[in-house]
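Encoded as structure tokens, here's the structure I'll be asking about.
The values are calculated or read from the model by the stated rules, or taken from the named source; none is laboratory data. The shown structure was predicted, so the numbers you read here are calculated from the model rather than taken from an experiment. All Cβ positions, even for glycine, are placed from backbone atoms using ideal geometry, and neighbour counts span all protein chains on display.
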Amino acid sequence: KQEVTQIPAALSVPEGENLVLNCSFTDSAIYNLQWFRQDPGKGLTSLLLIQSSQREQTSGRLNASLDKSSGRSTLYIAASQPGDSATYLCAVGGGADGLTFGKGTHLIIQP
Amino acid sequence: DTAVSQTPKYLVTQMGNDKSIKCEQNLGHDTMYWYKQDSKKFLKIMFSYNNKELIINETVPNRFSPKSPDKAHLNLHINSLELGDSAVYFCASSPTQGGEKLFFGSGTQLSVL
């Protein structure tokens with residue numbers, strides 16, 4: 001059974017810093033890995049999708065990497081801003097089996 | 001235009017009641033899902049449908065019955081509500097069941113008293 005772990009559970013950093021969020025998963029047989037952002041009281045917004053054959057994806061200040069063989073992914077956020085404050089969720093799987101989510105990293109960017 | 005819309009946003013009800021949550025997507029996607037987020041914010045898949053056909057039914061009590069009248073709609077009916085059903089329920093959709101990006105609704109917060 002797939003298990004997804006995210007470290008750290010919470011992170012608070014000053015504005016402007018670069019930061020890395022970590023995700024690990026136990027079963028490497030995945031279609032893809034997705035990073036989502038969840039704001040309080042809101043739904044999830046997909047940030048980046050990495051297919052199983054890819055190593056990384058970039059969108060603006062965000063870069064996500066995937067090492068399927070070791071069961072790891074990182075989300076790198078450059079030049080963090082207060083608006084980046086949210087919970088970041090890593091999810092793996094895809095296809096008809098849906099996604100297995102981690103418990104998220106609660107990120108606070110201090111102005 | 002909201003891509004994936006759920007109603008209601010909030011639902012407060014008594015134990016033992018029956019309630020429904022509706023979901024519609026206007027993205028033309030074939031696959032729709034229901035996820036449950038518990039009090040510890042852990043998201044877990046409940047059901048997935050592809051072109052109105054049930055694909056996944058995780059270990060969910062049979063008091064929960066999804067219904068897909070067409071591929072743009074996936075409703076969730078819950079019978080005999082229990083305290084433990086209190087959670088946020090999210091609907092989502094994807095183009096196919098082939099592992100593309102998921103689009104989520106904004107959630108329905110269910111409180112059972």
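Kindly indicate which of A:Gly41, A:Gly60 is out of contact with any Lys or Arg (no Cβ under 7 Å at 6 or more places or on another chain), on the phi > 0 side of the Ramachandran plot and at pLDDT 95 or above.
After ruling out the rest, the residue left standing is A:Gly60.
Quickly run through segment A:7-37 and pick out the residues that are in contact (Cβ under 8 Å) with a residue 40 or more places away in the chain and not in a strand (DSSP E or B).
Answer for segment A:7-37, where residues must be in contact (Cβ under 8 Å) with a residue 40 or more places away in the chain and not in a strand (DSSP E or B): A:Pro8, A:Ala9, A:Glu15, A:Gly16, A:Glu17, A:Asn18, A:Thr26, A:Asp27, A:Ser28, A:Ile30, A:Tyr31.
Okay, next question. Just to be sure, is A:Asn32 closer than 21 Å to B:Thr96 by Cα and either surrounded by fewer than 18 Cβ atoms within 10 Å (Cβ to Cβ) or more than 11 Å from the chain's Cα centre (by Cα) (or both)?
yes
Still on this structure: If a residue has to be in a strand (DSSP E or B) and closer than 21 Å to A:Phe36 by Cβ to count, how many in segment B:56-75 make the cut?
Residues flagged as in a strand (DSSP E or B) and closer than 21 Å to A:Phe36 by Cβ within segment B:56-75 amount to 2.
Being modelled with pLDDT of 90 or more and under 23 Å from A:Ser52 (Cα atoms), is that true of even one residue in segment B:81-89?
For segment B:81-89, residues modelled with pLDDT of 90 or more and under 23 Å from A:Ser52 (Cα atoms): absent.
Across segment A:45-82, what is the total count of residues that are among the polar types (S, T, N, Q) and assigned to a loop (DSSP other than H, G, I, E, B)? Break it down into steps so the answer makes sense when it comes.
Residues of segment A:45-82 that are among the polar types (S, T, N, Q), as a first pass: A:45-46, A:51-54, A:57-59, A:63, A:65, A:69-70, A:73-74, A:80-81.
Now drop any that are not assigned to a loop (DSSP other than H, G, I, E, B), which leaves A:52-54, A:69-70, A:80-81.
Of the residues in segment A:45-82, 7 are among the polar types (S, T, N, Q) and assigned to a loop (DSSP other than H, G, I, E, B).
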